[in-house]
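Read the structure below first, then the notes.
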Amino acid sequence: MLEFMDYVQSAFYAGSRWNTDNSYASLTAATTNLLDFRTPNGVRLHVSSLSSPNFATSYTLGNKGVVDGSFSFLFSNLGVKVASRSSAVYLGHLVRGYRHLQALRKPEDASAWETVVDGKVVQMRDALLYGRMYLPGSTLEALYLRRISPSRLLSIRAVSGAQLPHGGTLLAQLQNDQGKYTTEYLCSTDSALLGFRGLYNFGYDPRDQNSQLDSSAPAHPWDHKSGRLSVGAEAYFSPMNKSGGLSTGLRFTTLPVHTGIPYTMTLTLNPLMGNLSSSYAVKAGSDLSLCTRFDFNVYSYESDVTIGLELWRRESSTAWARKMLGSAWRTAPRPTGEGAFVSSDFVTKQEDATGVVKARMSAAGKASLLWEGRVKELLVSVGAGFNMKSTTRALGSVGLEVSYSS
């Protein structure tokens, strides 16, 4: 489950009309959400507050052998209009599941960002500032986001701590989203690392007025006019260590105009390390998502298969059973009003969701089980990790997290 500050940051991206899914970093988001979810370890309590649309605070207290915690703040000149009470927040905005991508949109015209202040025309640039201190180690984490133009986003992340090399590190990232393609430039003080990412979407070009999405019926079962094929790559190089990294991947996913069952297929390759990964995620029902992933290393011949599922629970158990067993496919309208912001997470009837169960298991014998839901005024996460092949300790970890926000 997303922490409250991540939830507010997602609302900032949506409010400033920044598409976080149109990026190479999000190429395998559907698989990651379904198979690589985090399970709690120990007991942890989160208390958060959105005192105004521009300012939020959060406090965390945990006990995992030793008592630790953190406190954080967030400020944005763009007021985020979201439900802040934990009893009113849609679970679909907090639980990351199957990613149902929306149609691409072209960058806004620069004139849409202009406003008149004291008789002068100025451009309004949305910005966000986030800070967090971890205790008792006094490690400091900071994030600065700024929309410098309708198609560009600048982010600066910094971590400071006595246990880190050179006392900390800083990462600057410049993203450029043209709809049809995206580029990202990265620079880190850690070993003077330089990086580049790129993603290209085939087919529909939102910048071309003559280009339109094809909504006609498919001519045959393999005619995927209602889908999107994306290809991307990333490269890193450190002149200090004289080392680098490279990866490439492709993704095909269905769009909202697709009349059948939504699904996403990905294939990624790291040629330097020899890692090959392929995945298939499907929205098998309005409350059920399934995913499989196959990993293989061409140098060591090591392989692994991971399967997982996500099952939502609604308030009405009979309605939930009918949705699971029925053959009709329905898409509920997106919620509006307070607590609603544009999200690519496809969860129907989020207002009546009471919980979600996630499970995964790999051929290596590792398994995880997670339940997240609402109990009265609280948001609760309970999970455990298992190692089926261990003869001494099958239960690897178990934890409980409780969140309250106002």
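The values are calculated or read from the model by the stated rules, or taken from the named source; none is laboratory data. Remember, it's a predicted structure, so these values are computed and weren't measured experimentally. Cβ atoms come from the backbone with ideal geometry, glycine included; neighbour counts cover every protein chain shown. Heads up: the accessible areas ignore ligands, DNA and RNA and are worked out on the full protein's heavy atoms, side chains in. Shrake-Rupley method; radii C 1.70, N 1.55, O 1.52, S 1.80 Å.
Brief remarks follow.
- Residue list for the range 1-26, filter: closer than 18 Å to Ala103 by Cβ and not in a helix (DSSP H, G or I): Arg17, Trp18, Asn19, Thr20, Asp21, Asn22, Ser23
- Verdict on Leu311 being open to solvent by less than 70 Å² (accessible area, probe 1.4 Å), closer than 25 Å to Val356 by Cβ and part of a strand (DSSP E or B): yes
- Test: residue in the range 144-153 that is among the aliphatic types (A, V, I, L, M), assigned to a strand (DSSP E or B) and either open to solvent by 20 Å² or more (accessible area, probe 1.4 Å) or more than 27 Å from Lys106 (Cα to Cα) (or both): yes
- Scoring Phe196 on the criteria (1) open to solvent by 40 Å² or more (accessible area, probe 1.4 Å); (2) in a strand (DSSP E or B); (3) modelled with pLDDT under 90 leaves a single failure, condition (3).
- The single residue among Ser216, Ser211 that is at pLDDT below 90, hydroxyl-bearing (Ser, Thr, Tyr), open to solvent by less than 50 Å² (accessible area, probe 1.4 Å) and not in a strand (DSSP E or B) turns out to be Ser211.
- Pairs meeting the criteria (first residue in the range 45-73 and at pLDDT below 90 and among the polar types (S, T, N, Q), second residue assigned to a strand (DSSP E or B) and open to solvent by less than 50 Å² (accessible area, probe 1.4 Å), beta carbons under 6 Å, at least 6 apart or on different chains) are Asn63/Gly42.
- Scanning the range 1-22 for residues that are β-branched (Val, Ile, Thr) and either in contact with a strand residue (DSSP E or B) (Cβ under 7 Å, 6 or more places away or on another chain) or farther than 25 Å from Tyr280 by Cα (or both) gives a single hit, Val8.
- Some residue of the range 319-335 being outside any loop (DSSP other than H, G, I, E, B), at pLDDT 85 or above and farther than 26 Å from Trp18 by Cβ: no
- A single entry from Arg44, Arg38 fulfils the requirement of being over 30 Å from Gln178 (Cα atoms) and in a strand (DSSP E or B): Arg44.
- Pair list, Cβ under 7 Å, 6 or more apart: the range 144-162 residue within 18 Å of Leu74 (Cα to Cα), other residue outside any strand (DSSP E or B) and open to solvent by 50 Å² or more (accessible area, probe 1.4 Å): Arg146/Arg125; Arg147/Arg125
- Entry remark, the range 360-406: residues being assigned to a strand (DSSP E or B) and polar (S, T, N, Q) number 7 in total.
- The residue of the range 60-105 that is nearest to the chain's Cα centre (by Cα), among those that are among the aromatic types (Phe, Trp, Tyr) and open to solvent by 10 Å² or more (accessible area, probe 1.4 Å), is Tyr90.
- Members of the range 69-90 found to be outside any loop (DSSP other than H, G, I, E, B) and within 15 Å of Ser10 (Cβ to Cβ), listed by number: Leu74, Ser76
- The set of residues in the range 163-193 that are in contact (Cβ under 8 Å) with a residue 60 or more places away in the chain and outside any strand (DSSP E or B) comprises Gln178, Gly179, Lys180.
- Ala25 buried (at least 18 other Cβ atoms within 10 Å of the Cβ) and touching a strand residue (DSSP E or B) at 6+ places or on another chain (Cβ under 7 Å): no
- Scanning the range 47-59 for residues that are in a strand (DSSP E or B) and either within 12 Å of the chain's Cα centre (by Cα) or not small (Gly, Ala, Ser) (or both) turns up Val47, Leu50, Phe55, Thr57, Tyr59.
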